[in-house]
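Peer 1: Let me begin by handing over the structure; questions about it come next.
The values are calculated or read from the model by the stated rules, or taken from the named source; none is laboratory data. Quantities reported herein were computed from a predicted structural model and do not represent experimental measurements. A quick note on method: Cβ atoms are made from the backbone with ideal geometry, for glycine too, and the neighbour counts reach across all protein chains shown. What goes into the accessible areas is simple: the full protein's heavy atoms, side chains included, and nothing from ligands, DNA or RNA. Shrake-Rupley method; radii C 1.70, N 1.55, O 1.52, S 1.80 Å.
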Amino acid sequence: MTKKYTFPKYIVDVKDFPKKGIIFKDWTPLMNNAKAYKELIDCLYSKIKSLKIDVIVSAESRGFWLGCPLAIKKGIRFIPARKPRKLPRPVISASFDLEYGKDTIEITKGDIKKGDRVLVVDDIIATGGTIQAINKLVKQSGGKLVGCMFISSVPGTNGINKLKKTKTPVFLAIENL
């Protein structure tokens, strides 16, 4: 029997954010409810608890709110992927397209070791640009991508399909928001 989760009811649509025509999936209200937040983390963890992973990499900033507790629960390292000029040591970077513009993501050079088994965690997947950029950084560092995890995908966007075409395992808490 599939468990019925209550956390999805705390995810709110915000129209025209960050620009007109975008429907932003705001899950910060979920974090205002400790029970719902724990339920989400437990749900995500249940999907990866048997995976052999050395490190979780998450995108700034909303991915941190998932990746950090999952890394702690799994007892593994956490690496933040940040916007330019936010990390103090030498970095490697990759640029990508968003629904609403262009951006660049960086990780500290040397944090991912050759052969590390890496799970990339972010909150929501839309176009897949952020995740594709992080996946490039994982490969450039010599890591092995074992999968990508999200709360959900945004219907009508192509990011999840792009990932599936690469045969990257994808783990979702819920199928579509």
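Peer 1: Summing +1 for each Lys or Arg and -1 for each Asp or Glu, what net charge is found among the other residues whose Cβ lies under 14 Å from the Cβ of LYS114? Before the final figure, lay out the partial values.
Peer 2: Details: positive: LYS109, LYS113, ARG117, LYS139, LYS144; negative: ASP54, ASP111, ASP116.
Charge balance near LYS114 sits at +2.
Peer 1: Could you work out the local net charge near PRO88, counting Lys and Arg as +1, Asp and Glu as -1, over the other residues with Cβ closer than 13 Å to its Cβ? Intermediate values should be presented prior to the final figure.
Peer 2: Numbers: positive: ARG82, ARG85, LYS86, ARG89, LYS109; negative: GLU106, ASP111.
Net charge around PRO88: +3.
Peer 1: So how exposed is LEU87, as accessible area in Å² (1.4 Å probe, rounded to 10)?
Peer 2: Its heavy atoms expose roughly 30 Å² to the probe.
Peer 1: Just how much of LYS73 is accessible, in Å², when a 1.4 Å probe is used and the result is rounded to the nearest 10?
Peer 2: The accessible area comes out at roughly 90 Å².
Peer 1: Among the complete DSSP H segments of the chain, which ones combine at least 20 Å of alpha-carbon extent along their axis with a mean Kyte-Doolittle hydropathy of -1.0 or more? Show your work: numbers first, answer last.
Peer 2: Working: long enough: 34-48 (21 Å, 0.04).
Helices meeting the criterion: 34-48.
Peer 1: Roughly how many percent of the accessible protein surface of the chain is carbon and sulfur, given a 1.4 Å probe and a whole-percent answer? If you can, show how the numbers build up before the last one.
Peer 2: On the way: 4960 of 9440 Å².
Solvent-exposed carbon and sulfur of the chain make up 52 percent of the total.
Peer 1: Now for a different question. For the chain, report the accessible area per residue in Å² (1.4 Å probe, heavy atoms, rounded to an integer). Mind dumping the intermediate values first?
Peer 2: On the way: 9440 Å² over 177 residues.
Accessible area per residue: 53 Å².
Peer 1: Over the heavy atoms of PHE24, what accessible area does a 1.4 Å probe trace out, to the nearest 10 Å²?
Peer 2: 50 Å²
Peer 1: Whenever you get a sec, line up CYS43, CYS68 from highest to lowest accessible area (probe 1.4 Å, protein heavy atoms).
Peer 2: CYS68, CYS43
Peer 1: Would you compute, from DSSP H runs of 4+ residues alone, the mean residue ellipticity of the chain at 222 nm, taking -39500 (n - 2.57) per run and dividing by the full residue count, rounded to the nearest 500? Can you show the working numbers first?
Peer 2: On the way: 5 runs with 49 residues, N = 177.
That comes out to -8000 deg cm²/dmol.
Peer 1: Relative contact order for the range 14-128: what is it in percent, counting Cα pairs under 8 Å that are at least 6 residues apart?
Peer 2: 26 percent
Peer 1: Over the alpha-carbon set of the chain, divide Rg by the Kirkwood Rh and report the Rg/Rh ratio to two decimals. All intermediate terms of the calculation are to be shown ahead of the outcome.
Peer 2: On the way: Rg = 15.5 Å, Rh = 16.5 Å.
Result: Rg/Rh = 0.94.
Peer 1: Going by the alpha-carbon gyration tensor, a ≥ b ≥ c the square roots of its eigenvalues, is the range 1-46 rounded (a/c under 1.5) or, if a/c is not under 1.5, prolate (a/b greater than b/c) versus oblate?
Peer 2: Numbers: a/c = 2.95, a/b = 2.21, b/c = 1.34.
Prolate shape, in that a/c is at least 1.5 and a/b is the bigger ratio.
Peer 1: For the range 33-93, take N as its residue count and report Rg(C-alpha) divided by 2.2 N^0.38 Å. The partial results should precede the final answer.
Peer 2: On the way: Rg = 13.0 Å, N = 61, 2.2 N^0.38 = 10.5 Å.
Its radius of gyration relative to the 2.2 N^0.38 Å reference: 1.24.
Peer 1: Moving on to the next point. Order the following by accessible area, largest value first: THR6, THR168. Probe radius 1.4 Å; ligands, DNA and RNA are ignored. Please list the in-between numbers first.
Peer 2: On the way: THR6 65, THR168 20 Å².
Sorted descending by solvent-accessible area, the residues read THR6, THR168.
Peer 1: Moving on to the next point. How would you classify the range 1-105 from its alpha-carbon gyration tensor, with a ≥ b ≥ c the square roots of the eigenvalues: rounded for a/c under 1.5, else prolate if a/b is greater than b/c, otherwise oblate? If you can, show how the numbers build up before the last one.
Peer 2: Numbers: a/c = 2.26, a/b = 1.11, b/c = 2.03.
The shape class here is oblate.
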